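Undergrad: What follows is a single structure, and I will ask about it in a moment.
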Amino acid sequence: MTEDDRIRDLLLTTRRIAVVGASNRPERASHGVLGFLLARGYDAVPVNPTLAGQDIHGRKVLPGLDQAGPLDMVDVFRRSAEAGAVMDEAVRLGAKSVWLQLGVVDEAAAARAREAGVAVVMDRCPVIEWRRLGLPDQLAH
């Protein structure tokens, strides 16, 4: 299976996504990505302890991943130095995949996650990949 096939399969089979580091500021990438995922039909939930209880794109912000489960994917908008802890928590909570956004890489955490059977994508954006792969406007349910 090629990397493109793996990413396509991941994007088309995932249903529930936690967006860690979601922002209520429209100019932030995490704000736009959350909106994009919701518009495609994902059950996407924003996670950000400093914004907990607020709404972003009509979805209540949760304080942590443990409140967001069950999860198919965790999409991480955190610095590389902080991403490993989020990835480890996602694995502990039973996420099927972890997606680290553009510029976010943690090879050691990715190896731990893969060893636990969790799919990992690093240094990529699901919006960019969705468009590049020519995926449909809506998920098939």
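The values are calculated or read from the model by the stated rules, or taken from the named source; none is laboratory data. Remember, it's a predicted structure, so these values are computed and weren't measured experimentally. Quick reminder, even Gly has a Cβ in these numbers, built from the backbone with ideal geometry, and neighbours come from all protein chains shown.
Undergrad: Can you name the residue in region 100-118 that is in contact with a helix residue (DSSP H, G or I) (Cβ under 6 Å, 6 or more places away or on another chain) and surrounded by 16 or more Cβ atoms within 10 Å (Cβ to Cβ) and, of all such residues, is nearest to residue 22 (Cα to Cα)?
TA: 100
Undergrad: Go through region 37-84 and count every residue that is among the hydrophobic types (A, V, I, L, M, F, W, C), under 21 Å from residue 121 (Cα atoms) and either in contact with a His (Cβ under 9 Å, 6 or more places away or on another chain) or assigned to a helix (DSSP H, G or I) (or both).
TA: Residues meeting the conditions: 6.
Undergrad: Moving on to the next point. Output yes when any residue across region 21-36 is over 20 Å from residue 120 (Cβ atoms), modelled with pLDDT of 95 or more, within 10 Å of the chain's Cα centre (by Cα) and part of a helix (DSSP H, G or I), and no when none is.
TA: Yes, there is a match, as at least one residue in region 21-36 is over 20 Å from residue 120 (Cβ atoms), modelled with pLDDT of 95 or more, within 10 Å of the chain's Cα centre (by Cα) and part of a helix (DSSP H, G or I).
Undergrad: If the Cβ limit is 7 Å and pairs must be 6+ apart or interchain, which residue in region 42-62 that is at positive phi pairs with which residue that is of a type outside the set (S, T, N, Q) and part of a helix (DSSP H, G or I)?
TA: That search, which allows pairs on different chains as well, returns 57/34; 57/35; 57/38.
Undergrad: I'd like to know if region 22-36 contains one or more residues that are farther than 16 Å from residue 128 by Cα and in contact with a strand residue (DSSP E or B) (Cβ under 6 Å, 6 or more places away or on another chain). Outline the logic, then answer.
TA: So in region 22-36, the residues farther than 16 Å from residue 128 by Cα come out as 22-27.
Now narrow it down to the ones that are in contact with a strand residue (DSSP E or B) (Cβ under 6 Å, 6 or more places away or on another chain): 22, 24.
Checked region 22-36: at least one residue is farther than 16 Å from residue 128 by Cα and in contact with a strand residue (DSSP E or B) (Cβ under 6 Å, 6 or more places away or on another chain).
Undergrad: May I pose another question? Taking the condition within 13 Å of residue 20 (Cα to Cα), over 11 Å from the mean Cα position of the chain (by Cα) and among the acidic types (Asp, Glu), does residue 129 pass?
TA: No; evaluated as a whole, the condition is false for this residue.
Undergrad: Okay, moving on. Looking at region 34-55 only, could you name the residues that are touching a Gly at 6+ places or on another chain (Cβ under 7 Å) and crowded, with 20+ Cβ neighbours inside 10 Å? Even if it seems obvious, please write down each step before you answer.
TA: Keep residues of region 34-55 that are touching a Gly at 6+ places or on another chain (Cβ under 7 Å), which gives 47-49.
Answer for region 34-55, where residues must be touching a Gly at 6+ places or on another chain (Cβ under 7 Å) and crowded, with 20+ Cβ neighbours inside 10 Å: 47, 48.
Undergrad: Here's something else I'd like to know. Restricting attention to region 24-57, report how many residues are of a type in the set (A, V, I, L, M, F, W, C) and in contact with a Pro (Cβ under 8 Å, 6 or more places away or on another chain).
TA: Summing the residues that are of a type in the set (A, V, I, L, M, F, W, C) and in contact with a Pro (Cβ under 8 Å, 6 or more places away or on another chain) in region 24-57 gives 7.
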